[in-house]
Each structure stands twice: as structure tokens, then as C-alpha cells.
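Have a look at the structure below, then the notes.
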Amino acid sequence: MTFKQLVILKHEHGITAQWQSTDWSWMAIATYHQIEQEGKDIEGKNVKYKRWVLGNCSGPWTGLTEDGKGLTIIDGYEAERNNVSGSANLLLSLFNAYTGGKKAFESIWKAPSIGFDEFWPEDQPV
């Protein structure tokens, strides 16, 4: 089974990327959201900053535990899971890039993208 990019959406709650199997029988989804962290700037002062995290990456390899309260990995979809999760992690790196993320994103994501008009640092006024 092969998955192809379907769409990626930037929305008020985060980002959702979707892949569709070529036979249209399965969908895979990665969701991203921002978290706030504390660190130090170059002068040693405490600062707060936000970064993107991958919250979920699900597809036909994702199932429920017997009690229905948790997720489990279903055997037999290793190649598909590795392909989609690898792409999802690459996207995460681009979302957190301070420079160059937009160009790299545009070179690898070929499906429609919605809501990214002012997302990238390159799009912000200096």
C-alpha cells in the first residue's frame, strides 16, 4: 500500500497533514500543536518561546487497546508507518526552522496547503 500527500492545513488549533492511500481505502493523519517553553537568551535572561510538536501520527497501523482507552500499533503496516511518520517528522523540523523552512516545505509538499500565507519567518516583516 502506498500513501500520497492529500492536504496540509494550518488552522487555529495547529496543523493537520493528511495522506491518502492510492487505492483510497486508508487515510493517515499527523497533527501538530505548539507548546510554550522557557529558556535563556544569549544574555542569560529567562525567555519564553513556542515550538511545534507532533501530537499524533495515525493510519491503518493504529488501533485501540482491548479496554478502548489507549492506542496500540497494529503489525503489518511497518513500511507505510515508516514512510508517513518519517514525512511527518521532516515536516516538524521545517515548522520549527527559523530560516529555510518555507523553501524546503514547498519543495517536498506537493499537495494543496491551506493557511500558510503568513506562517513562515520568511513571510514576516523585518
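The values are calculated or read from the model by the stated rules, or taken from the named source; none is laboratory data. Quantities reported herein were computed from a predicted structural model and do not represent experimental measurements. Cβ: placed from backbone, ideal geometry, glycine included. Neighbour counts: every protein chain shown.
Looking at segment 104-126, I want the residues that are within 21 Å of ARG51 (Cβ to Cβ) and have a partner that is among the polar types (S, T, N, Q) and not in a helix (DSSP H, G or I) with Cβ atoms under 8 Å, at least 6 apart or on another chain. Which pairs are those?
PHE105/SER113; TRP109/GLN5; GLU118/GLN124; PRO121/THR99; GLU122/THR99
Name the one entry in LYS4, LYS40, LYS10, LYS50 that is modelled with pLDDT under 95, among the charged types (D, E, K, R) and within 21 Å of SER113 (Cβ to Cβ). Walk me through how you get there before you give the answer.
Working: LYS4 fails: modelled with pLDDT under 95; LYS40 fails: within 21 Å of SER113 (Cβ to Cβ); LYS10 fails: modelled with pLDDT under 95.
Just one listed residue meets the conditions, LYS50.
Name, by its number, the condition in (1) modelled with pLDDT of 95 or more; (2) in contact with a strand residue (DSSP E or B) (Cβ under 9 Å, 6 or more places away or on another chain); (3) over 16 Å from ASN96 (Cα atoms) that does not hold for TYR32.
Here TYR32 meets the rest and fails (3).
Spot the failing condition for ASN82; the list is (1) assigned to a loop (DSSP other than H, G, I, E, B); (2) without any contact (Cβ under 8 Å) to a residue 12 or more places away in the chain, and only one is missed.
Of everything listed in (1) assigned to a loop (DSSP other than H, G, I, E, B); (2) without any contact (Cβ under 8 Å) to a residue 12 or more places away in the chain, ASN82 misses just condition (1).
Do you know which residues across segment 64-123 are out of contact with any strand residue (DSSP E or B) (no Cβ under 7 Å at 6 or more places or on another chain) and aromatic (Phe, Trp, Tyr)?
Hits for segment 64-123 are TYR77, TYR98, PHE105, TRP120.
I need a count of the residues in segment 20-51 that are hydroxyl-bearing (Ser, Thr, Tyr) and surrounded by fewer than 13 Cβ atoms within 10 Å (Cβ to Cβ).
So in segment 20-51, the residues hydroxyl-bearing (Ser, Thr, Tyr) come out as 21-22, 25, 31-32, 49.
Retained after the next criterion (residues that are surrounded by fewer than 13 Cβ atoms within 10 Å (Cβ to Cβ)): 22, 25, 49.
Result for segment 20-51: 3.
Specify which of the listed residues (LYS10, LYS48) is closer than 30 Å to PRO121 by Cα, touching a residue at least 24 places away in the same chain (Cβ under 8 Å), assigned to a strand (DSSP E or B) and charged (D, E, K, R).
Working: LYS48 fails: touching a residue at least 24 places away in the same chain (Cβ under 8 Å).
Sole residue among the options that is closer than 30 Å to PRO121 by Cα, touching a residue at least 24 places away in the same chain (Cβ under 8 Å), assigned to a strand (DSSP E or B) and charged (D, E, K, R): LYS10.
If SER87 satisfies every condition in (1) at pLDDT 95 or above; (2) farther than 23 Å from THR2 by Cα but one, which is the exception?
Tallying (1) at pLDDT 95 or above; (2) farther than 23 Å from THR2 by Cα, SER87 fails exactly one: (2).
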